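Since the structure comes first, as structure tokens, the remarks are kept for the end.
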Amino acid sequence: MENKNQPITFVFWIVAIILGVTIYKQFDFKNLKFENPALAIIYILVFVFSVYYLIKNSGKK
């Protein structure tokens, strides 16, 4: 039987990659601050949740 969580895991991989790159681009390394702190908090929360989900489901294989 086919694994039904595979498409969901793929989506979380894409979300984690996109948000990781976006967080990196928005961080100002010269001043050690984000360009838009409120949006950065949302990005970081969703990024952490997606990485947590990926780690949690990697042990089920």
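The values are calculated or read from the model by the stated rules, or taken from the named source; none is laboratory data. Keep in mind the model is a prediction, meaning the values are calculated, not measured. Glycine also receives a Cβ, built like all others from the backbone with ideal geometry; neighbour counts cover every protein chain displayed. The protein model used for the area step is the full one, side chains on, heavy atoms only, and it has no ligands, DNA or RNA in it. Shrake-Rupley method; radii C 1.70, N 1.55, O 1.52, S 1.80 Å.
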Picking from I17, I23, which residue would you name as being among the aliphatic types (A, V, I, L, M), free of Cβ contacts under 8 Å to residues at least 24 places away in the same chain and assigned to a helix (DSSP H, G or I)? I17
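To keep it simple, each residue is scored yes or no on (1) on the phi < 0 side of the Ramachandran plot; (2) open to solvent by 100 Å² or more (accessible area, probe 1.4 Å); (3) touching a strand residue (DSSP E or B) at 6+ places or on another chain (Cβ under 8 Å).
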residue: A16; (1), (2), (3): yes, no, no
residue: L32; (1), (2), (3): no, yes, no
residue: I41; (1), (2), (3): yes, yes, no
residue: L45; (1), (2), (3): yes, yes, no
residue: V48; (1), (2), (3): yes, no, no
residue: Y53; (1), (2), (3): yes, no, no
residue: G59; (1), (2), (3): yes, no, no
List the pairs whose first member sits in segment 46-58 and is within 12 Å of N5 (Cα to Cα), whose second member is open to solvent by 100 Å² or more (accessible area, probe 1.4 Å), and whose Cβ atoms are under 8 Å apart, counting only residues at least 6 apart or on separate chains? L54/W13
